[in-house]
Ligand SMILES: Cc1cc2nc3c(=O)[nH]c(=O)nc-3n(C[C@H](O)[C@H](O)[C@H](O)COP(=O)(O)O)c2cc1C
Ligand SMILES: C[S@@+](CC[C@H](N)C(=O)[O-])C[C@H]1O[C@@H](n2cnc3c(N)ncnc32)[C@H](O)[C@@H]1O
């Protein structure tokens, strides 16, 4: 056993029957969190047991480390990871001594450990009602007083100890600013705690936050509020920081705010939508085996249809363009041209999100590219339109990461 192993906890896993909390599958609360896209990035499962919650996160694309003081549990977790072809790491380590791991993580999950620090409430020799009752004084496993537990926990996550002024139980105390109940930072769900940004540098997590919550917003665009010109220019300035081919292929952006021109462009967009919808590859006709992904298709179509009806009302339509046109170019040159306008367009959407705006990536209007060019005075013979990004203030701002299928499915190491 390693220095950090804890024989008393390990006994829960070497006994003939499985540990009472070990249900052989992820806890339902974590399945819900995973479905909401919360189990992402670099994730630590503290007190992972035999690893079901950690493996769930790994299967959804998180970069997972699971730790536990019970070596037998860790051995089982490793075996499951190998059987399931998942890349999660499992280590025998003490959740109260995370410094030794030298880990930087975005998310920490715990199921039944931090709130029980200092006790082994489910230990084999505890009474039958052990889930409800703290161990007796004679068991030698008295729970620590609340205040002391809180101190241990703040010490465990030193980057947040200065913020430990909140109210409530120890979890609320250690980072009231970051761990907002019900917000992006912190969730409580039947005793399960999800904590975000425990170890990561604030700048890294802010970037990841914007990268993972810049959603395609359509119904949520507030068409009653004007977007200041300076704000859009500010986003465009940031967008121009994306790489450009040959250090010379600058993209252009046509920003349409004039109501008459918006209406004309929106008219072509609606025609393009009507032509796109019955196509075999339209969102309405694509189906997926993954049930969560499949369930997203109908709302996506409903939202896209709404935008097609209301595009004229959106205060700003940003059309990224590039010259020369790609028509007839060799594929590698086309890749260079598209690669010099699409990253800038996405950077624009990210910068907009970071400034409290919302947007949506669209491009079906290109079916009527020449007609739209005529409305906007774009020289169609020379200039290629790449997208059409409606921009507005959002009705609400609590955007969450979207569900995406596990990254393993789409990652090919060394050969496809
Ligand atoms: C290349 C590309 C083209 C798209 N074209 C359109 C479009 O023309 N109209 C539209 O409403 N959404 C369009 N979308 C948005 C997708 O439908 C959107 O990404 C999807 O609904 C998922 O939303 P999410 O990114 O917020 O998870 C496009 C997205 C991409 C990447
Ligand atoms: C109630 S069990 C939950 C196990 C797992 N999270 C699950 O949901 O199945 C608590 C786990 O925390 C582990 N544990 C207790 N104290 C720990 C510590 N200081 N560091 C790491 N793991 C610990 C125990 O070995 C046990 O596996």
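Arranged from highest to lowest average of other beta-carbon atoms within 10 Å per residue, in what order do the peptides 360-372, 48-60 appear?
Details: 360-372: 19.0, 48-60: 26.0.
Packing proxy ranking, top to bottom: 48-60, 360-372.
Mind ordering 382-388, 11-17 by average Cβ neighbours within 10 Å, highest first?
Working: 382-388: 21.0, 11-17: 13.1.
In decreasing order of mean packing, 382-388, 11-17 become 382-388, 11-17.
For segment 194-318, what does the alpha-carbon gyration tensor say about shape, rounded, prolate or oblate, given a ≥ b ≥ c as the root eigenvalues, a/c under 1.5 as rounded, and a/b over b/c as prolate? Let's see the in-between values first.
On the way: a/c = 1.67, a/b = 1.08, b/c = 1.54.
It is oblate, given that a/c is not under 1.5 and a/b is not larger than b/c.
Order of 43, 331, 33 from fewest to most other C-beta atoms within 10 Å?
In order of increasing Cβ crowding within 10 Å: 331, 33, 43.
For segment 215-409, restrict the atom set to alpha-carbon positions and state the Rg and Dmax in Å.
16.8, 47
Taking a point 7 angstrom from the Cα of residue 258 along the C-beta vector, which residues in segment 354-397 have backbone N less than 15 Å away?
The answer is 372-379, whose backbone nitrogens lie closer than 15 Å to the label point.
How high is the FRET efficiency between residue 290 and residue 207 when r is their beta carbon distance and R₀ equals 41 Å, given to the nearest 0.05?
Efficiency computed from Cβ-Cβ geometry: 0.90.
Express the Stokes-Einstein translational diffusion coefficient of segment 252-325 in µm² s⁻¹, to the nearest whole number, given a Kirkwood radius over alpha-carbon pairs, 20 °C and a viscosity of 1.002 mPa s.
So the translational diffusion coefficient is about 152 µm²/s.
Going by C-beta contacts inside 10 Å, put 407, 109, 322 in order with the fewest on the left.
407, 322, 109
How much length is gained if the chain between residue 396 and residue 338 is pulled fully straight, taking 0.36 nm per residue apart and subtracting their Cα-Cα distance, in nm to one decimal?
Full-extension gain reported as 17.7 nm.
Taking the simple approach of a point 7 Å from Cα along Cα-to-Cβ for both residue 18 and residue 374, what is their distance in nm?
Placing both labels 7 Å along Cα→Cβ, they lie 6.8 nm apart.
Quick one: 269, 276, fewest Cβ neighbours within 10 Å first, how do they rank?
Exposure proxy ranking, most exposed first: 276, 269.
Each reported figure results from applying straightforward, stated rules to the coordinates on display, with no laboratory input. Since this is a predicted model, take the numbers as computed values, not measurements. Backbone-built Cβ (ideal geometry, glycine too); neighbour counts: all protein chains shown.
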